[in-house]
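Scroll down for the structure; my scribbles are underneath it.
The values are calculated or read from the model by the stated rules, or taken from the named source; none is laboratory data. All figures in this text were calculated on a predicted structure; none of them were measured in a lab. In this analysis, Cβ positions are derived from the backbone assuming ideal geometry, glycine residues included, and neighbour counts consider all displayed protein chains. When the accessible area is computed, the model is the full protein with side chains, heavy atoms only, and any ligands, DNA or RNA have been set aside. Shrake-Rupley method; radii C 1.70, N 1.55, O 1.52, S 1.80 Å.
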Amino acid sequence: MAGSWDGSYDPGSQSDDSHHFERLHIEPLYDAFVCPLTKQVMRDPVTLENGQTFEREAIEKWFKECRESGRRLVCPLTQKELKSADLNPSIALRNTIEEWTTRNEAAQLDMARRSLNMNSSEDDVLLSLRFIQRICQKNRSNKHVVRNADLIPMIVDMLKSSSRKVRCKALETLLAVVEEDEDNKAILAEGDTVRTIVKFLSHEQSKEREEAVSLLYELSKSEALCEKIGSINGAILILVGMTSSKSENISTVEKADKTLENLEKCENNVRQMAENGRLQPLLTQILEGPPETKLSMAAYLGDLVLNNDVKVHVAKTVGESLINIMKSGNMQSREAALKALNQISSFDASSKVLIEAGILPPLVRDLFTVGQLPMRLKEVSATILSNVVNSGYDVDSIPIGPDHQTLVSEDNVHNLLHLISNTGPPIECKLLQVLVGLTNSPTTVLNVVAAIKSSGATISLVQFIEVPQKDLRMASIKLLQNLSPHMGQELADALRGTVGQLSSLIRVISENTGISEEQAAAAGLLAELPERDLGLTRQMLDEGAFQLIISRVVKIKQGDIRGTRFVTPFLEGLVRVLARVTFVLSDEPDAVSLCREYGLAALFVDLLQTNGIDNVQMVSAAALENLSLESKNLTRLPEMPPPGVCATIFPCFSKQAVITGLCRVHRGTCSLKESFCLLEGRAVHKLVALLDHTNAKVVEAALAALSTLLDDGVDIEQGVSVLCEAEGIKPILDVLLEKQTENLRRRAVWVVERLLRNDDIAYEVSVDQNVSTALVDAFHHADYRTRQIAERALKHVDKIPNFSGIFPNMG
C-alpha cells in the first residue's frame, strides 16, 4: 500500500503497485508519464529534436553538466549527439498527465478519507496524512479539494489520537492545509479546534509544541482569528513564556514571538500581553495609537500590577507622553493618564524618571488650582505627588512656579497646609505624606519647619493624632516625628496643651499587635521631645505611660516580640522615652518611686548589652549616669550608736564604732534598686566594656556614667579603686589618647584628672609619654575649662610646677 502514498513511481515495482491500484480502481501508470532521468511522473514535459521526452528541470540540468565538463551535447537516453539544445513543451502530454494525476489523486484522496479514523492502523493514518500534506504543498488548488471533501474536521480528529506520531503529523498536515488559505483557516477555527492546538503548547514533547506554534503562527496571520486565539485561556501567557524560554529551540521562540506580533492587531490581546509581562505592544499603542486607543491603553496601564524594574522601563518609555496627556487632554484622558502615572510612580527609581520628564509643575498646578480637577482626581494627583516627593529626589532643585519657586517655597507649603485643612481624609493623608517626604530630606526640612511656624499650623497637625483613620494618623505621626528635632518644644507644648493627643500616642505605642511602622514613629516622636520638659514628663507619669513602655521593652528583650523590620527603631524610641524619667529625679518624687518599683536601673544595665543597637546602649548609659548622680542623695547613711557611760567619762577608753556593709563610694547603705548604685549588678564592668565601642557617642555616654563614681560628694579615692578593680583605668586612658571628638576629650580629661589624684596611678602615668602628650595637647588647644583641668592633671604627674598658676583657681 505504501507505493500508493509515498509519491514514488519506480518502474521496478510498478506491477505490484498497478495490481494494488487496480484493486482500488486507481488508473495504471503509463511509461510515457515517467521521466527517464528522474523516474518520476513529469510535471513539465519537454521534447528534444530526436523526439525523446524529459522533465524540463532534469534535462536542463543534464545539458548544464555537459557544458561544464566540456562534453558534447548528447541525448541521455540514446547517447547520440544533438544539434541543438532547444526544448519543445509537450503540452498534450502535460495535459494528459494532469488529468491522470487529478483522477489518481481523487481516488487516493478517497482512500485517505476512509483511512482517517481511530480504527485505522497508525501506518495507514500516517500515510493518509502525508498524502494530504503532499498534495496541498504541490498545488494550492488541492486545498480547495481537501476542504470540499470535508477532510479538515477528520484531520482535526486525529489530534486526539493516542499516537504521538499521528498527533504531530496531524498538526503538520493542518499547517499545509491552511497555509495562505483564509477559507480553510475559518473552517479549522470552528468549534474548539484552536483551544486543542493551544493545549499542545504545554506538552512536554517539544516536537508537538513546535508544530503547534507553527500552526498558530499561520492562523494568527488571519486578523479574524487573532481575537479567537487570544480569547483562549492561557494562550497568550504560554506564548509569552515561550519567547523568554532558554530551553526552547530558536525557531520555536521566533515563531512564538511572531505569533504574538500578529495577535497585537487585537486590543484585548495587547492588554493580555501586558498583564502577562509583554508590555511593549501596549506602550507602543500609547505612543503611536489613535486617541481612543491611547486612552484605553493608558487606563489599562493604571490597573496593571507592575514589578519595580518594569515601572522604570515604562516611565522611560511613555512617562513624557502620559505627562503631556495629563497636561492637555480632556478630563477622561487626564484621568487615564493620572491613574497610569500613579501606578508608575509607586517606585522610587521610576518616580525620579517622571520628575526629570517634568511631572512636578503640572501636578502641583492641578492640586492648587480650584476647579482644575474633581476631588477624586485630586486624590490621585496627591498620591502621585507623595510618591515622587518620597523618592529621594532633590525636589528643591525643580522650579514649579514664577520667580523660581519650588515645592518648599513658603507659599507652596502654606498651600499644602491649607489643602490639608480643607479636604477629606484620603487627600489629607496623601498631602501629609508629601510633607513627610519633604521633611525626610535635610535640605528641605527647615523650609517646611519655617512655613509651619509662620502659618501657625502646629496644633492643627497635632490634632490628626486622634483621627480614627489609621493611614491618616500614621502619616501625621511620621510628619511630627520628622519635625520634632527642629521644633520639639513647640510640639511638647501642643501635646501638653490639648486633651487626648498624648494619650493617643501612648495608646498607639501600647497596642499588642506586633510592631508596626506607626508604633515605631510614635515612639520616635515622643523620644525627640525635650527630655527635661518637666510638665510633659509629669503628664506621662500621671497617665501611666512609663509603665506601658517598660512592659513593651521587657517583652522585646525577652523575645516575646520580634521578627519585624520596625523592632529596632521601636526599641530605640521606647528606651529614649523611658530615659526621660531619669532627668527629673531631683524634682519629681514620683519618678524616683517609679524607678525603684520597676527596677529601671537594672533594666538600663541589662540594655547596655544590646549589641548592634548603638542608640539603645548610648541612651541606657546616659540614663544610668542620671540615676547614679542621685545615688549620693538616696543612699541611707548609717546611724552611729550613742557612746557608753565609761566612754563619756573616760574618752580615752572610747572606740570608734565600725559599721559593715556600707557602700565604699557613697558611704551608706546602697543597692541598684533603691539608690541606683552602679557598684551593684556588674554595671561598672559593663560600662567599662563600652569604652572600647566604635561609636564615639556610646563611649562618651559610658564614660559619663563612670565619672559619677568620681564626682564631688562621693569618696573619690574609693571610686578610683572601683575602676581599678574593674580594669577600667587603661580603657579610660585610651579614650584620652584617641581624641575621637571634642566632647569625648573634655570628658576624658576630667576623669583622668580625678584618677591622677591617686599617687600610684599618677606615678605610673608620669612615665607614659603618650598620656602626658595628650594632656599637654588639651592644655594648649581645648576649651578654657578643660585647659584648667588639664593643668591640674599635669601637676599631678609633675609636668607643671604646682606654683605655675597659669589659670585662676577653680572651685
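With Rg and the Kirkwood Rh both taken from Cα atoms, where does Rg over Rh land for the range 701-755? Ratio value, two decimals: 0.94.
Calculated FRET efficiency, A450 to R596, Cβ-Cβ distance, R0 = 45 Å: about 0.55 to the nearest 0.05. A 1.4 Å probe over all protein chains sorts L446, L706 by accessible area into L446, L706, starting with the largest. A straight chain from T694 to K61 at 0.36 nm per residue would run longer than the Cα-Cα distance by 218.9 nm. Scattering from the range 370-467 was approximated by placing one identical point on each alpha carbon and applying the Debye formula without solvent; log10 I(q)/I(0) at 0.12, 0.14, 0.22 1/Å stands at -0.36, -0.50, -1.28. Residue separation of E588 and R636 scaled by 0.36 nm, minus their Cα-Cα distance, works out to 15.4 nm of gained length. The HN-Hα couplings worked out from phi for the range 439-449 by the Karplus form 6.51 cos²θ - 1.76 cosθ + 1.60 (θ = phi - 60°) are 8, 6, 8, x, 7, 10, 4, 5, 4, 5, 4 Hz, whole numbers, x standing for Gly and Pro.
At most 13 other Cβ atoms within 10 Å plus a DSSP loop assignment makes a site exposed; report the longest stretch of the chain without any exposed GluC sites (Glu not before Pro). No qualifying site falls inside 205-510, the longest such stretch. Compactness of the range 657-725 is given as radius of gyration and Dmax, 12.9, 48 Å, from Cα positions. Residue order by solvent-accessible surface for V413, V554, V767 is V767, V554, V413, largest first, with ligands and nucleic acids left out and a 1.4 Å probe.
According to the Kirkwood relation over distinct C-alpha pairs, the hydrodynamic radius of the range 22-110 is 14.3 Å. Taking only Cα atoms, what is the 0 to 90° angle, nearest 10, from helix 164-178's long axis to the longest principal axis of the chain? In the chain, helix 164-178 runs at an angle near 70 degrees to the longest axis. When the listed pairs K470/K557; K39/K138; K199/K255 are checked against a 21 Å cut-off, the alpha-carbon distance exceeds it for K470/K557. Note on surface exposure: L419, L461 rank L419, L461 by accessible area, highest first, 1.4 Å probe. Full extension of the chain between A186 and N117 gives 22.6 nm of extra length, using 0.36 nm per residue less the Cα-Cα distance. The calculated P(r) of the range 138-267, using every Cα pair and 10 Å bins from 0, goes 13, 47, 34, 6, 0 in percent.
Modelled spin labels at Q280 and E517, positioned 7 Å past Cα toward Cβ, are 3.5 nm from each other. Across all directions, the average projected area of the convex hull around the alpha carbons of the chain is 64.2 nm². A Förster distance of 60 Å, applied to the separation of the beta-carbon atoms of T78 and T293, puts the FRET efficiency at 0.25.
Inter-label distance, S202 to D31: 6.1 nm, where each label sits 7 Å from its Cα along the C-beta direction. For the range 451-464, putting each phi into the Karplus relation 6.51 cos²θ - 1.76 cosθ + 1.60 with θ = phi - 60° gives couplings of 5, 5, 5, 5, 8, x, 8, 4, 5, 4, 5, 5, 5, 5 Hz, in residue order, rounded to whole numbers and with x for Gly and Pro. Compared with the rule-of-thumb size 2.2 N^0.38 Å for a compact globular protein, the range 339-378 has a Cα radius of gyration ratio of 1.24. Accessible surface for S593 stands near 60 Å², nearest 10, in the context of the full protein assembly shown (1.4 Å probe).
Surface calculation, 1.4 Å probe, protein heavy atoms: K795 sits at approximately 40 Å² accessible. C677 contributes an accessible area of around 0 Å² to the protein surface, as traced by a 1.4 Å probe with all chains present. For a paramagnetic label modelled on R538 (point 7 Å from Cα along Cα→Cβ), amide N atoms under 20 Å away belong, within the range 470-503, to 489-503. Seen against the Cα atoms of the chain and their longest principal axis, helix 729-738 is set at about 60 degrees.
Label the range 126-168 by shape, choosing from rounded, prolate and oblate, from the square roots a ≥ b ≥ c of the eigenvalues of the Cα gyration tensor; if a/c is under 1.5 it is rounded, and otherwise prolate applies when a/b is larger than b/c, oblate when it is not. Oblate is the answer for the range 126-168, as a/c is 1.5 or above yet b/c matches or exceeds a/b. Could you tell me the distance between the Cα centroids of the range 326-348 and the range 357-377, to the nearest Å? Result: 11 Å between the Cα centres.
For the chain, the longest piece that avoids every one of the chymotrypsin sites (Phe, Trp or Tyr not before Pro) found in DSSP loops with at most 15 other C-beta atoms within 10 Å covers 31-802.
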